[in-house]
1. Return the pair list, or none, for Cβ contacts closer than 6 Å from residues in region 158-173 that are touching a residue at least 24 places away in the same chain (Cβ under 8 Å) to residues that are assigned to a helix (DSSP H, G or I) and aromatic (Phe, Trp, Tyr), at least 6 apart or on different chains.
2. Find the residue count for region 118-132, including only residues that are under 16 Å from Glu150 (Cα atoms), surrounded by fewer than 17 Cβ atoms within 10 Å (Cβ to Cβ) and of a type outside the set (Ser, Thr, Tyr).
3. Can you confirm whether Lys72 is modelled with pLDDT of 90 or more and not β-branched (Val, Ile, Thr)?
4. Restricting to region 482-520, name every residue that is closer than 19 Å to Val670 by Cα, surrounded by fewer than 21 Cβ atoms within 10 Å (Cβ to Cβ) and among the small types (Gly, Ala, Ser).
5. Taking region 849-869 as the search range and keeping residues that are part of a helix (DSSP H, G or I) and touching a helix residue (DSSP H, G or I) at 6+ places or on another chain (Cβ under 9 Å), which one is farthest from Arg797 (Cα to Cα)?
6. Looking at Arg218, Arg140 in this structure, which one is among the charged types (D, E, K, R) and buried (at least 18 other Cβ atoms within 10 Å of the Cβ)?
7. Considering (1) farther than 30 Å from Thr713 by Cα; (2) modelled with pLDDT under 90, say which one Ser514 fails and leave the rest.
Amino acid sequence: MTSTEIRQQFLDFFNSKGHRIVPSAPVVPHGDPTLLFTNAGMNQFKDVFLGTGSRDYKRAADTQKCIRVSGKHNDLEEVGHDTYHHTFFEMLGNWSFGDPDSKDGIGTGYYKKEAIKWAWELLTEVWKLPKERLWATVYRTDDEAINYWENETDIKHDHILRFDEKDNFWEMGETGPCGPCSEIHINLSDDYDNPKYVNAGDPKCIEIWNLVFIQYNRDENGKLHDLPAKHVDTGMGFERVCAVLQKKNSNYDTDVFTPIINAIEKLSNIKYDYKLPADDNSPTGQTNIAMRVIADHIRTLTFAIADGATPGNEGRSYVLRRLLRRAARYARKLNLKEPFLYKSISVVVENFSQVFPEIKSNQTQIEKIIKAEEESFNATLDRGIELFDQLVKKLNTQNEKVISGDDVFKLYDTYGFPVDLTAVMAREQGFTIDEARFNELMNEQRERGRKGRTLNVSTSIRASFNASATLTVIHPTVFTGYDELLTDAEIIETKEDGNKLLVVLDKTPFYVESGGQVDDTGSIFIGDTHLRVIDLTKINNQVVHILENDASIKLEAGMKVTAQVNENRRWDIMRNHSVTHFLHKALREILGTHVQQSGSYVGPDRLRFDFTHFEKVKESELDAIESLVNEKLRENIPLTHRRDTPFESAKKMGALMFFGDKYGDKVNVVQFGDFTMEFCGGTHVKNSSQIGLFKIVSESSIASGVRRIEAVTGAGVEKYIKEQENKVQNAERRVNEILDEKKKLEKELADLKLKEKLGGIDAIVSSSTEVNGIKIFKGRVPASNMDELKSMGDELREKMKSGVGVLISEIEGKVGIVAVVSDDLIKEKKILAGNIVKQVALIVGGSGGGRSHLATAGGKDVSKIGEALDFIEKVVIQ
């Protein structure tokens with residue numbers, strides 16, 4: 001059974017039990033700041049368990065992408081050294097949200113009884129796992145679960161074991177939802193009937209499924225209270241169950257990992273030993289560990305980057321950097337010194353993209369990011385390894401087995417070695433590290449950085465921000481965003497507003513929404529840290545940057561910062577904004593000068609342009625407008641941007657004003673050659689060719705006398721074309737399906753008609769005549785074509801047993817004849833169907849022939865069909 005089949009069987013099983021099959025949440029959790037990565041299937045349902053959210057279904061199942069590399073679930077040091085720990089894994093799970101007393105109604109909730117019964121059914125009836133090897137553990141006081149195991153399954157009663165909180169009680173945190181759990185273990189050893197291996201950490205006796213029954217809420221005093229709604233939350237390690245079902249000694253021997261390991265073998269020209277040598281320190285053991293680590297880490301990196309994470313120095317970004325650098329260092333054991341991890345991405349994509357298509361769509365980006373990281377680390381990796389080897393050599397001469405925290409910190413700070421990487425290298429040489437001293441040095445470094453970038457916020461401005469209030473300091477913000485997207489600036493004033501921080505700078509590249517153009521996004525950098533700009537507003541010509549508040553970062557007036565706009569997003573906005581000027585002019589040229597702009601929206605993904613016009617724009621007019629715009633874009637027209645032009649001077653130039661902008665004594669004029677010139681305070685491309693292609697996607701009415709055009713440019717056009725292609729392909733596929741269905745129905749109808757016609761053969765068989773001891777079966781029958789008539793002849797020959805049969809039909813104004821003769825008459829009387837049909841055909845002005853047992857003929861004179869039927873006896877006598 002393949003891993004793909006195992007995954008699908010799990011989902012199909014719970015789908016048959018009324019579960020909604022939901023997609024995996026991203027491994028980068030959006031909207032949950034408490035998690036670095038999604039680490040369990042229940043993460044996406046956390047709001048349901050906390051009572052702050054709900055779903056429109058009571059039962060769910062999925063395969064969830066999970067990453068566990070930190071916190072209490074951190075097994076990083078074991079990955080690759082054993083056969084079953086991973087940093088990335090899939091968790092198969094099923095859930096019930098409340099409604100535990102629903103009598104197993106499909107689509108409603110359920111609780112312990114169904115969860116236990118269905119788990120046993122899947123494991124033993126669908127997957128046929130040997131019951132004698134399975135063990136169930138329950139929380140020591142959970143008699144209800146014990147009862148269901150004993151009465152709803154046929155597990156051996158002495159294979160049901162009680163354990164305490166450590167093993168069989170689940171908690172989301174120190175407070176909050178919690179409850180007992182029941183785990184299912186399988187003992188793969190020869191001594192499978194011995195309970196001592198359960199929960200003992202034996203690699204041959206492993207947990208394969210955990211059924212959590214969330215029924216309590218723990219308060220701040222540690223007291224448990226019954227929850228009003230009881231939930232089921234189960235989790236099964238996909239890789240682990242694949243190893244069990246595929247009868248493999250290691251998760252890495254399953255088809256989940258073997259394609260990746262095969263790719264590593266090809267890259268390194270070293271074979272992986274599937275015999276699992278007992279000595280990890282042997283050359284084979286070391287290369288095996290290296291391949292397992294790399295295979296594991298490359299999966300983690302692929303899925304994390306596909307879901308939006310990138311290697312870096314903070315938080316989840318640093319986790320990815322640690323993994324990548326661990327993998328790069330293990331690659332040295334395979335003599336791989338050039339970047340190679342990125343070459344393995346295609347294998348991961350090939351094997352998992354059908355279930356997780358996001359890794360396919362992001363493959364190129366993933367490869368680029370990983371390759372760049374490899375190249376960066378490789379520059380210092382060899383020097384760091386050289387330093388480490390020198391340290392080990394020195395300590396060996398001193399008979400020391402602990403690498404100092406100062407040396408570990410130097411490897412981290414100078415050569416980029418994550419502390420866990422140094423710990424692994426030390427363990428391989430029989431050393432340990434002084435991690436306490438390392439952490440002390442890390443804290444000192446963080447403190448120095450914090451002092452260098454934080455100051456106390458002025459107490460005079462701690463009041464909550466009120467957008468209508470006047471700021472303490474009046475200092476108009478200089479906008480630099482026409483010329484640059486990154487500006488060094490000084491803080492003029494800051495205010496706190498709950499979880500937001502409000503900052504005014506002396507200058508900024510951030511554009512504040514105006515004239516239809518949306519706000520910029522980006523970050524404010526303070527030293528090595530940054531705060532994300534989540535909104536912008538303008539008060540008294542001051543741009544207020546609304547940032548995510550970080551309690552560890554304190555700002556005050558006078559601090560130096562760097563403001564950086566999201567470049568790709570700004571470029572998309574500029575393309576869409578500039579093209580509205582071209583569109584406006586094209587509308588006026590094609591439809592008339594009565595066209596005036598009535599409103600607009602300019603975002604990164606699309607543009608919307610409202611204009612005055614008295615009727616629906618014809619398709620031919622839309623084509624002409626689109627063609628004119630694209631023609632001008634291809635002319636490579638440069639931007640002329642006149643800033644601070646006196647208002648009256650700009651008007652005299654003939655510039656048009658865009659809707660929504662407010663103009664003072666001086667204005668900005670945006671001009672592209674002699675085609676378009678308008679008042680505009682927005683940001684624009686430097687040349688029309690930078691816009692790319694322009695495509696109108698819709699035209700509609702929004703009010704009497706006001707029309708709306710929606711359009712896309714650049715990458716938006718590519719996306720639109722692809723969507724249209726998909727629609728066409730879907731339509732073509734549907735048409736073909738309809739045509740196939742039509743053919744199928746036509747054939748079914750023809751078969752029914754033929755069956756009805758064949759039913760008339762019985763009447764001919766029952767009304768036979770006899771001449772010279774030879775039975776004659778004849779008749780006029782309805783037939784649509786000669787094939788039908790031949791089928792009726794076959795039917796007659798089968799039913800008449802012995803005799804001569806002749807059927808005649810009028811087919812499309814002509815005569816069709818079929819003659820059949822039984823085998824005995826052919827052999828004993830030498831009567832041949834071909835001879836009979838030839839003579840009968842002469843009566844109706846035709847001819848024919850065929851084989852001895854069946855022959856056909858055609859004729860022209862349908863009026864003589866009766867005469868031909870009467871002539872058959874004479875032919876037989878002859």
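The values are calculated or read from the model by the stated rules, or taken from the named source; none is laboratory data. Note that the coordinates shown come from a computational prediction; the quantities given were computed from them, not determined experimentally. Please note: Cβ atoms are built from the backbone with ideal geometry, for glycine as well, and neighbour counts cover all protein chains shown.
1. What qualifies is Ile160/Trp149.
2. Residues meeting the conditions: 3.
3. Numbers: modelled with pLDDT of 90 or more: no; not β-branched (Val, Ile, Thr): yes.
When the stated conditions are applied, Lys72 does not pass them.
4. Those that are closer than 19 Å to Val670 by Cα, surrounded by fewer than 21 Cβ atoms within 10 Å (Cβ to Cβ) and among the small types (Gly, Ala, Ser): Ser514, Gly515.
5. Within region 849-869, the subset part of a helix (DSSP H, G or I) is 862-869.
After this cut, where a residue has to be touching a helix residue (DSSP H, G or I) at 6+ places or on another chain (Cβ under 9 Å) as well, the list is 864-865, 867-869.
Values: Lys864: 24, Ile865: 21, Glu867: 23, Ala868: 20, Leu869: 17 Å.
The selected residue is Lys864.
6. Details: Arg140 fails: buried (at least 18 other Cβ atoms within 10 Å of the Cβ).
Being among the charged types (D, E, K, R) and buried (at least 18 other Cβ atoms within 10 Å of the Cβ) holds for just one of Arg218, Arg140, which is Arg218.
7. With (1) farther than 30 Å from Thr713 by Cα; (2) modelled with pLDDT under 90 applied to Ser514, the lone miss is (1).
Every residue, every condition in (1) more than 30 Å from Lys46 (Cβ to Cβ); (2) among the polar types (S, T, N, Q); (3) part of a helix (DSSP H, G or I), yes or no:
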position	(1), (2), (3)
Leu123	no, no, yes
Glu144	no, no, yes
Ser182	no, yes, no
Asn199	no, yes, no
Ala229	no, no, no
